[in-house]
Structure formats: structure tokens, C-alpha cells
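J.: Here's a structure for you.
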Amino acid sequence: MAWEGSNRRHTLPKGWARTRRRIIRRDGGQCTATYSDGRRCELPGTDVDHVVPYSLGGSEDDQNLQLLCTWHHAQKSSSEGGTAAAHARVSVHRPKRVHPALEDE
């Protein structure tokens, strides 16, 4: 389940259930993800997702919300998690070492 280990359910904004229903109606109950050939996913939308993640400054505005099927939501969330982890990594730049045979004497 997507909510396992997450505290996000407890931090949802007031009126989220109403917002969720509005987004489901707006998107016709169908996943809004599109494939590379332009076709829209035909699976039922089950998850209301932030286009720009909330953690990166995304808002709760309807324009920043989309309906995704469970599979597309998991793919997007996984991708975002990898991107967030990459941004959080500390880059360590070590001085370039000169090969001992090339060192000046």
C-alpha cells in the first residue's frame, strides 16, 4: 500500500476528501498519464497526485493536481524519490592525484 510508512495521510489539508472527489470528477475517473505515442492510460484513476510535489513547493491548487492509476502513481513517486535523493547527496571532490612516476622532483 502506498501509505505504508508514510505520515502524509495525517498532514493532508482540511477538505482533502472534497478536493479529491472534485479532481476525480474533473478527470473523468480515468488516469491522466499519457504514453509516448500520446495515448491516455485507460485504467481508472485511483490516486490524486501533485504534479509538482508538495515537498518541492507544489501547491494544493487544482491546477497542480492530477488523477493517476496506482501503477503510474508508483512510477512517478519512485522517480521523484530518486531525484530527491540525488539532490540530497553530498558531492565529494577529491584533489586529482598525480601518478608517482609523473611527479616533479
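Please treat every number below as a calculation from the coordinates, not as lab data. In this text the structure is predicted, and so the values were computed from the model without any measurement. Cβ: placed from backbone, ideal geometry, glycine included. Neighbour counts: every protein chain shown.
J.: Can you report the principal axis dimensions of segment 9-84 using only the alpha carbons, biggest first, rounded to whole angstrom?
T.: That gives 36, 31, 19 Å along the principal axes, largest extent first.
J.: So, with +1 on the Cβ of K and R and -1 on the Cβ of D and E, and no other charges, what is the size of the charge dipole of segment 9-84 about its Cα centre, to the nearest 20 debye? Spell out each step's value before the answer.
T.: Details: 11 positive and 9 negative charges, 76 e Å.
Rounded to the nearest 20 debye, it is 360 debye.
J.: What distance in nm separates the simple spin-label points at Cys41 and Arg22, each placed 7 Å from Cα in the Cβ direction?
T.: Label at Cys41, label at Arg22, 2.3 nm between them.
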